[in-house]
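**Student:** Okay, handing you the structure first.
The values are calculated or read from the model by the stated rules, or taken from the named source; none is laboratory data. Everything quoted here is computed from the prediction, not taken from an experiment. Positions of Cβ are generated from backbone atoms using ideal geometry, with glycine treated the same way; all protein chains shown enter the neighbour counts. Side chains included, ligands, DNA and RNA excluded: accessible areas come from the protein's heavy atoms. Shrake-Rupley method; radii C 1.70, N 1.55, O 1.52, S 1.80 Å.
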Amino acid sequence: VMAFVVLLLFAMKAFSYSIRAGVGSQFAGNVIECCYWFVTLMGGIYFSTAIVEEKEEQTLPLLKMTGASSFTILLGKSGPRLMSVLLLLLVLAPFLMLAVTLGGVLQRGILTAFLGILIYAVMFCQLGLLTSVISNDSQRAFSKMLLAWVVIELTPWWSWLLAMGTQYGGEFKNTQEAAQ
């Protein structure tokens, strides 16, 4: 489905190539946004159930009895899931390089954006593991993952709100009088 969406985005940008300049930049932005939402949805569903599945099936004690450390268990549960998501993202790399051919974007910008998406996927995997470890069932793990994602996404808004609150609501109302 994701490959079809990317092909559809490419077809739309290719048809509008003669109309506008810098179509490659718009196409690359659309593909990177598609990757972002793919990792976000996949991470919420796929990563947040890694350890919870073992808890629900009551096989986590069996894994611990093998003598494997907690780190090894976490790595074994998250590694294949992360690799599958990263491989699916690598499928989109040629499309991103095609955006350079369409014009309006440099290869360095494409590589930087793609590296950012890969780092976001690793971060989201670790966040999913955390919610999976502290939750007792899949629904709670997913809801905690969703809550953590909302907090992370809205952090700039929260910091702005906190700055405005301290500037206008606290003792820092008039900084010019405080300077005198």
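**Student:** For the range 108-123, which residues satisfy the criterion of being more than 10 Å from Tyr36 (Cα to Cα), open to solvent by 30 Å² or more (accessible area, probe 1.4 Å) and not polar (S, T, N, Q)?
**Tutor:** Within the range 108-123, Arg108, Gly109, Leu111, Ala113, Leu115, Ile119, Val122, Met123 meet the criteria.
**Student:** Right, next: Out of all the residues in the range 13-41, which are hydrophobic (A, V, I, L, M, F, W, C) and modelled with pLDDT under 80? Before you say what the answer is, go through the steps one by one.
**Tutor:** Just the residues of the range 13-41 that are hydrophobic (A, V, I, L, M, F, W, C), to begin with: 14-15, 19, 21, 23, 27-28, 31-32, 34-35, 37-39, 41.
Ala14, Phe15, Ile19, Ala21, Val23 - these are the residues of the range 13-41 that are hydrophobic (A, V, I, L, M, F, W, C) and modelled with pLDDT under 80.
So that you can scan it fast, the table gives a plain yes or no per residue for (1) more than 30 Å from Ser70 (Cβ to Cβ); (2) among the aliphatic types (A, V, I, L, M); (3) modelled with pLDDT of 90 or more:
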{"site": "Leu106", "(1), (2), (3)": "yes, yes, no"}
{"site": "Tyr120", "(1), (2), (3)": "no, no, yes"}
{"site": "Thr131", "(1), (2), (3)": "no, no, yes"}
{"site": "Ser135", "(1), (2), (3)": "no, no, no"}
{"site": "Glu153", "(1), (2), (3)": "no, no, no"}
{"site": "Leu161", "(1), (2), (3)": "yes, yes, no"}
{"site": "Gly165", "(1), (2), (3)": "yes, no, no"}
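**Student:** With the structure loaded, tell me whether Leu86 is over 26 Å from Phe4 (Cβ atoms) and free of Cβ contacts under 8 Å to residues at least 40 places away in the same chain or whether it fails that test.
**Tutor:** Values: over 26 Å from Phe4 (Cβ atoms): no; free of Cβ contacts under 8 Å to residues at least 40 places away in the same chain: yes.
Against the criterion (over 26 Å from Phe4 (Cβ atoms) and free of Cβ contacts under 8 Å to residues at least 40 places away in the same chain), Leu86 does not qualify.
**Student:** Additional query: Could you tell me how many of the residues in the range 67-81 are exposed (fewer than 13 other Cβ atoms within 10 Å of the Cβ) and closer than 23 Å to Phe124 by Cα?
**Tutor:** Residues in the range 67-81 being exposed (fewer than 13 other Cβ atoms within 10 Å of the Cβ) and closer than 23 Å to Phe124 by Cα: 7 in total.
**Student:** Which condition from (1) in a helix (DSSP H, G or I); (2) of a type outside the set (A, V, I, L, M); (3) open to solvent by 60 Å² or more (accessible area, probe 1.4 Å) is the one that Ser84 breaks?
**Tutor:** The failed condition is (3).
**Student:** Let me ask you something else. Condition first: polar (S, T, N, Q), assigned to a helix (DSSP H, G or I) and either open to solvent by 70 Å² or more (accessible area, probe 1.4 Å) or touching a Ser or Thr at 6+ places or on another chain (Cβ under 7 Å) (or both). Now tell me which residues in the range 124-144 satisfy that.
**Tutor:** Gln126, Thr131, Ser132, Ser138, Gln139
**Student:** Taking Thr40 as meeting all but one of (1) loosely packed, with under 14 Cβ neighbours inside 10 Å; (2) closer than 21 Å to Ile119 by Cα, write down the number of the exception.
**Tutor:** Only one criterion in (1) loosely packed, with under 14 Cβ neighbours inside 10 Å; (2) closer than 21 Å to Ile119 by Cα is unmet by Thr40, namely (1).
**Student:** Only one of these is under 29 Å from Gly128 (Cα atoms) and open to solvent by less than 30 Å² (accessible area, probe 1.4 Å): Val52, Val91. Name it. Before you say what the answer is, go through the steps one by one.
**Tutor:** Values: Val91 fails: open to solvent by less than 30 Å² (accessible area, probe 1.4 Å).
Just one listed residue meets the conditions, Val52.
**Student:** Same structure, new question: Let me spell it out: the conditions are (1) assigned to a helix (DSSP H, G or I); (2) at pLDDT below 85; (3) open to solvent by 70 Å² or more (accessible area, probe 1.4 Å), and Leu147 meets all of them except one. Which number is the exception?
**Tutor:** Among (1) assigned to a helix (DSSP H, G or I); (2) at pLDDT below 85; (3) open to solvent by 70 Å² or more (accessible area, probe 1.4 Å), Leu147 violates only (2).
**Student:** Test each condition in (1) under 30 Å from Val6 (Cα atoms); (2) surrounded by fewer than 17 Cβ atoms within 10 Å (Cβ to Cβ) for Lys64 and report the one that comes out false.
**Tutor:** Going through (1) under 30 Å from Val6 (Cα atoms); (2) surrounded by fewer than 17 Cβ atoms within 10 Å (Cβ to Cβ) one by one, Lys64 breaks only (1).
**Student:** Moving to a separate point now. Where the second residue is open to solvent by 70 Å² or more (accessible area, probe 1.4 Å) and the first is basic (Lys, Arg) and lies in the range 135-154, which pairs have Cβ atoms under 8 Å and are six or more apart or on separate chains?
**Tutor:** Close Cβ pairs (under 8 Å, with a partner that is open to solvent by 70 Å² or more (accessible area, probe 1.4 Å)) amount to Lys144/Ile134.
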